[in-house]
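The values are calculated or read from the model by the stated rules, or taken from the named source; none is laboratory data. Everything numeric in this text was worked out from a predicted model, so none of it was measured. Here the Cβ positions follow ideal geometry from the backbone for every residue, glycine too, while neighbour counts run over all protein chains shown. Just the protein is used for accessible areas: all its heavy atoms, side chains included, with ligands, DNA and RNA removed. Shrake-Rupley method; radii C 1.70, N 1.55, O 1.52, S 1.80 Å.
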Amino acid sequence: MAAPATAAGAGQGQGEGKEYPGRLTLYVFLTCAVAATGGLIVGYDIGISGGVTSMDAFLQEFFPSVYRKEQAARGGGGQYCKFDSQLLTAFTSSLYLAALVASFFVASVARSLGRRWSMFGGGVSFLAGAALNAAARDVAMLIVGRILLGVGIGFAGLSIPIYLSEMAPHRLRGTLNIGLQLMITVGIFSANLVNYGAARIRGGWGWRLSLGLAAVPAGIITTGSLFLPDTPSSLISRGHHEQARRVLRRIRGTDDIEEEYGDLVAASEASGAVRRPWLDILRRRYRPQLAMAVLVPFFQQLTGINAIMFYAPVLFKTIGLGGDASLMSAVITGLVNIAATFVSIATVDRLGRRKLFFQGGCQMLLCQIVIGTLIGLEFGASWDGAIPKASAAAVVALICVYVAGFAWSWGPLGILVPSEIFPLEIRPAGQGVSVAVNMLGTFAVAQAFLPMLCRMRFGLFYFFGGWVLAMTLFVAAFLPETKGVPIEKMGVVWRTHWFWKRFVADEDGRAGHRDVEMDYRKADGIAVR
Ligand SMILES: OC[C@H]1O[C@](O)(CO)[C@@H](O)[C@@H]1O
């Protein structure tokens, strides 16, 4: 059923979209669900490292000096610094550097072989990494394994968000895209559970189980991707027109796909002129998208979320909860993370991206101020002994509220927004930039968190809080609303934005999308200059 086009607000560049015929079919839902399972590998890895690096047997075997330091701190004193070791953080963060490097060449694979094969490649590399890690005999094996996992994550992080955004009917793009973040949160949570169980295994081999079980999510996406069709956009841009039509008919559940197909072809033809996406992306007319591809993931990581995700067990141990209690608390934050992601799924295409960013930002900021103050008051600058039970419980509760705020705002939207703003010709390159920045940010936080906790102590929460304030103001002023705008017509949100229009306007004539966008703007009652 074709609904009439609705009017789009200009102001912030908000655009309500037009409607193509078709509906949400079971088929598109299932393909998106299978693709989203790739998020499990990303999440599993984020959740597993913190728990493993707090297991005594693992530390004794690979990082004996950290182990001795931790033992010495058990009697009290030095709480903020007991886990500070560069080698230990290198274990955690080597993966993110590898993913960063991988995201640069995956863009070419996604462009020339399609989104599906890049997902498959990611799964295979991740499988190999899991095997190597589970069998590790020395730090070198551990780190090579982590690098393979990182390459897997680079592949998945680049191709899955694009896949989802290209398959989804645009009215439900947010909802379906967030399936990926949902799977990331499920991955983190499963990893926390596995760690909780593995830490209890006698004989000190629990960490092998934790690292080896990464093969399960890797197996799921590797096999799953073999059954997925490629996206219509990707098929068209590689010249498979009939196949693209077939997929479009099937995913929209109607034969009346010519209008959408025509727009996709127009977008693809416009993009045909772009032969060097890595250079073209630097052109002035792509400046708004490039700015977002860099800043959105950069800010996402500076919320400080991964300080919690990686190190929740360490952090909770640091504030004096026992080993088990701290893993258990990490499990609780994991559950909150999943549950709150559903809020985003349910509201993102109705409320829009901006409202969620704004509400989530305010909630995180408040929590960070209160947590910092609470820990500061309890411990001050010198940290001796454990925090009283009531205060520790309050910190855990506040961290949950903070995680919830993140999970319906910057978590999913940090993936969704970059995947939906780029025109086809530079979409993989743009997503590559976004994944690279995300990985760099994740790496920096992973690497810097323990030394920062050691030096800034409770002030660390204020540090991240300051960034959350900055990003919330940034969104208010610079991020246009993208809900409901067809992905191939996204150019309109920049052309009607108070700030960004100056970058896109002067190259209009050469933009290629001009006609398509003009039609869209006329249809939607947007003033055409
Ligand atoms: O759910 C939290 C997780 O979500 C991400 O931000 C990905 O969007 C990760 O970096 C983080 O660990």
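Return yes when VAL401 is modelled with pLDDT of 90 or more, more than 30 Å from LEU95 (Cα to Cα) and surrounded by fewer than 18 Cβ atoms within 10 Å (Cβ to Cβ) and no when it is not.
Details: modelled with pLDDT of 90 or more: yes; more than 30 Å from LEU95 (Cα to Cα): no; surrounded by fewer than 18 Cβ atoms within 10 Å (Cβ to Cβ): yes.
In short, no.
Taking the options GLY114, GLY122, name whichever one is at pLDDT below 85, within 30 Å of GLU488 (Cα to Cα) and open to solvent by less than 20 Å² (accessible area, probe 1.4 Å).
Values: GLY122 fails: at pLDDT below 85.
After applying the criteria, what remains is GLY114.
Of all residues in segment 422-429, none satisfies being buried (at least 18 other Cβ atoms within 10 Å of the Cβ), of a type in the set (Lys, Arg) and touching an Asp or Glu at 6+ places or on another chain (Cβ under 6 Å). Restricting attention to segment 145-166, does a residue exist that is outside any helix (DSSP H, G or I), over 20 Å from ALA99 (Cβ atoms) and either within 11 Å of the ligand (Cβ to nearest atom) or over 16 Å from the mean Cα position of the chain (by Cα) (or both)? No, the conditions are met nowhere in segment 145-166. The condition (being more than 16 Å from the ligand (Cβ to nearest atom), among the polar types (S, T, N, Q) and buried (at least 20 other Cβ atoms within 10 Å of the Cβ)) is satisfied by just one residue among ASN177, ASN133, ASN195: ASN133.
Do we find that GLN447 is polar (S, T, N, Q), in contact with a Ser or Thr (Cβ under 9 Å, 6 or more places away or on another chain), farther than 20 Å from TYR163 by Cα and within 16 Å of the ligand (Cβ to nearest atom) in this structure? In short, yes.
This table checks each residue for (1) modelled with pLDDT under 75; (2) among the basic types (Lys, Arg).
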position	(1), (2)
TYR20	no, no
ARG23	no, yes
CYS32	no, no
VAL52	no, no
ASP56	no, no
GLY77	yes, no
ALA99	no, no
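Just wondering, is there one or more residues in segment 452-466 that are farther than 22 Å from SER93 by Cβ and open to solvent by less than 10 Å² (accessible area, probe 1.4 Å)? Looking through segment 452-466, at least one residue is farther than 22 Å from SER93 by Cβ and open to solvent by less than 10 Å² (accessible area, probe 1.4 Å). Filtering segment 404-417 to residues that are open to solvent by 10 Å² or more (accessible area, probe 1.4 Å) and either more than 16 Å from the ligand (Cβ to nearest atom) or modelled with pLDDT under 95 (or both) leaves only ILE415.
Among the residues of segment 417-434, is any of a type in the set (D, E, K, R) and within 24 Å of THR347 (Cα to Cα)?
Filtering segment 417-434 for residues of a type in the set (D, E, K, R) gives 420, 425, 427.
Applying the additional criterion that residues be within 24 Å of THR347 (Cα to Cα) yields 420.
Yes; the residues of segment 417-434 include at least one that is of a type in the set (D, E, K, R) and within 24 Å of THR347 (Cα to Cα).
Right, ARG208: more than 27 Å from the chain's Cα centre (by Cα), at pLDDT 90 or above and over 27 Å from LEU479 (Cβ atoms) or not? Answer is no for this residue. Filter segment 287-315 down to the residues that are within 11 Å of the ligand (Cβ to nearest atom), among the polar types (S, T, N, Q) and in a helix (DSSP H, G or I), then identify the one that is farthest from LYS501 (Cα to Cα). Of everything passing the filter in segment 287-315, ASN306 is farthest from LYS501 (Cα to Cα). Counted as qualifying within segment 236-286 are the helices (runs of 4 or more DSSP H) with 1 or more residues that are farther than 22 Å from VAL109 by Cα and in contact (Cβ under 8 Å) with a residue 40 or more places away in the chain, namely 241-252, 258-272. Within segment 253-289, being at pLDDT 90 or above and open to solvent by less than 30 Å² (accessible area, probe 1.4 Å) holds for TYR286, PRO288, GLN289.
Within segment 198-216, the set of residues being open to solvent by less than 10 Å² (accessible area, probe 1.4 Å) and outside any helix (DSSP H, G or I) comprises just one member, ALA214. Restricting to segment 343-373, and then to whatever is of a type in the set (Val, Ile, Thr) and within 15 Å of GLU481 (Cβ to Cβ), can you tell me which residue is most open to solvent (accessible area, probe 1.4 Å)? Top of the filtered list is THR347.
When every residue of segment 479-499 is checked against the conditions, none turns out to be modelled with pLDDT of 50 or more and farther than 28 Å from GLY414 by Cβ. Of everything in segment 434-444 that is buried (at least 24 other Cβ atoms within 10 Å of the Cβ) and β-branched (Val, Ile, Thr), the residue that is farthest from THR89 (Cα to Cα) is VAL435.
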